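Asker: The structure's right below; bear with me while I get my questions together.
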Amino acid sequence: MSFKRLDPEDFLVSSDSITSTMWSTGVPTLTSFFTSSVQIASSAGNFYYSVYQTSSLSSNAEVQFDIAYADILGSGSILYNNSVPENSSTKTIYGQYRSLILEDENSSFIFGKGNNIYTSPNFWVINLERARYKQSIFPGSLNLKLSGSGGIINLTDDSIDNPVSQFLGSTRVYQLISGSNGTAGTSATSGYVLGSGSYGLVFPDLGTILINPRAVSQSIRVSPSRSNNSDGLNNAKLFNSINAGTSFTLNSQETLTSDYVFIRARNSEFNYSENPSFIAGSTGEVIYDQFVNSPQVYLTTIGMYNDSNELVAVAKMSRPLLKDFTKEALVRVKLDF
């Protein structure tokens, strides 16, 4: 075993952006959507519906995203306690996302920007499964079709039309607009609905999409129920609209940071071994003369130690590397985090 202190120039940090499909089907577009009657019938079903890529009874069924409905007045759901008005699951969900995104319990969600904005008392939520979106949604990859009695709308984020990142609180946000692949195209309203703002908000770093019910209702006549102390089945309404649209395209994005360490074995270094076959155990002398002037060893493992002489990483060679006085070796070790 031989040791050598690494120099600062032996270290390099590299970052690579990796894009992959969002869904566990392995393809960018999800065309079939399934819910679980067991999950819906459970207490969790009062808050959200889980959506799968195949029947929930299948062995390979995995949650792709969840659907929820939020209302600032608690409408569209049954009260926790009849003696406490407005205190229901939809109000809880509204408060949850208000705290998470707006970071102010007195603020309201505003859809759109400029002269076309709408302060909404309610919204639908598409919350992507954490394992699906990895680090973030890949901007421009969102294409969602919603279908209703008034037709079909194609929704996307506005990341191509507005490439400069906008923030709501401390969270990066895009507007959800009618269009495709991150642009409204030639739409005269820039993908918005007159008087109702945008179709929603896309938070790529949270894996969350908020949908503006008023804009959707004006376009395809899919509306949530806002009755008091009554289950409006609003989660089912959005699920049925997505299911009828049969197309939800989305990709994920993550940045992988790698540390590269370059291990240099010069011709005069690492040519001897502490292996007992080199040295006579009784005298400590080298057994064979050629091991003195022309030794040959094989590099198999690289260990990295800190200043306290503690082993912190081990790299195994893909194959033994022959080393002698006539050879130099450069080994690149990659550490992923």
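The values are calculated or read from the model by the stated rules, or taken from the named source; none is laboratory data. Not measured: the values here are computed from a predicted model. So basically every Cβ, Gly included, is an ideal-geometry build from the backbone, and we count neighbours across all protein chains shown. For the accessible areas, the whole protein counts, side chains as well, though only heavy atoms, and no ligand, DNA or RNA atoms are used. Shrake-Rupley method; radii C 1.70, N 1.55, O 1.52, S 1.80 Å.
Asker: Nothing charged except the Cβ atoms of Lys and Arg (+1) and of Asp and Glu (-1): what's the magnitude of the dipole of the chain about its Cα centre? Round to the nearest 20 debye. Walk me through the numbers before you get to the answer.
Answerer: Numbers: 22 positive and 28 negative charges, 214 e Å.
Around 1020 debye, computed over the chain.
Asker: Per residue, how much accessible area does the stretch 1-136 show when a 1.4 Å probe rolls over the protein heavy atoms, in square angstrom? It would help to have the intermediate numbers written out before the result.
Answerer: Values: 7250 Å² over 136 residues.
I get 53 Å² per residue for the stretch 1-136.
Asker: What does the accessible area per residue of the stretch 174-320 come to in Å², with a 1.4 Å probe and no ligands, DNA or RNA counted?
Answerer: Values: 7550 Å² over 147 residues.
Normalised by residue count, the accessible surface of the stretch 174-320 is 51 Å².
Asker: Continuing with the same structure: What part of the accessible area of the chain, given as a whole %, is carbon or sulfur when the probe is 1.4 angstrom?
Answerer: Solvent-exposed carbon and sulfur of the chain make up 50 percent of the total.
Asker: Kirkwood hydrodynamic radius for the stretch 186-337: how many Å is it when counted over pairs of different Cα atoms?
Answerer: Result for the stretch 186-337, one decimal place: 23.1 Å.
Asker: Oh, and also: Among LEU250, LEU144, LEU73, determine the one that fluctuates most according to a GNM of the chain built with springs between C-alpha atoms less than 10 Å apart.
Answerer: Taking springs between Cα atoms under 10 Å, the residue moving most is LEU73.
Asker: If you don't mind, another one. How big is the convex hull of the Cα atoms of the chain, per residue, in Å³?
Answerer: 225 Å³
Asker: For q values of 0.12, 0.14 Å⁻¹, compute log₁₀ I(q)/I(0) with the Debye formula on a Cα-only model of the stretch 1-150, without solvent.
Answerer: -0.71, -0.90
Asker: Cut-off 10 angstrom, C-alpha nodes, Gaussian network model of the chain. Which of SER252, SER294, SER241 fluctuates the most?
Answerer: Comparing SER252, SER294, SER241 in the GNM, the peak value goes to SER294.
Asker: Also: Can you give me the relative contact order of the stretch 284-337 as a percent, contacts being Cα pairs under 8 Å and 6 or more apart?
Answerer: With pairs under 8 Å counted, the relative contact order is 32 percent.
Asker: Taking N as the number of residues in the stretch 140-258, what is its alpha-carbon radius of gyration divided by 2.2 N^0.38 Å? Mind dumping the intermediate values first?
Answerer: Numbers: Rg = 15.0 Å, N = 119, 2.2 N^0.38 = 13.5 Å.
Cα Rg divided by the expected 2.2 N^0.38 Å: 1.11.
Asker: For the stretch 64-186, I need the span (max minus min coordinate) of the C-alpha atoms along each principal axis, in Å, sorted largest to smallest.
Answerer: Projected onto its principal axes, the Cα set of the stretch 64-186 covers 51, 37, 37 Å.
Asker: May I ask which of LYS91/LYS134; LYS145/LYS237; LYS113/LYS134 have a Cα-Cα span longer than 26 Å here?
Answerer: Checking Cα-Cα distances, LYS91/LYS134; LYS113/LYS134 exceed 26 Å.
Asker: In a Gaussian network model over the chain where Cα atoms closer than 10 Å are linked, find which of THR186, THR19, THR283 has the largest mean-square fluctuation.
Answerer: It is THR283.
Asker: A further question on this structure: With the contact rule set at Cα under 8 Å and sequence spacing of 6 or more, what percent relative contact order holds for the stretch 1-85? Can you show the working numbers first?
Answerer: Working: 76 pairs, mean separation 16.0, N = 85.
Once divided by the residue count of the stretch 1-85, the mean separation gives 19 percent.
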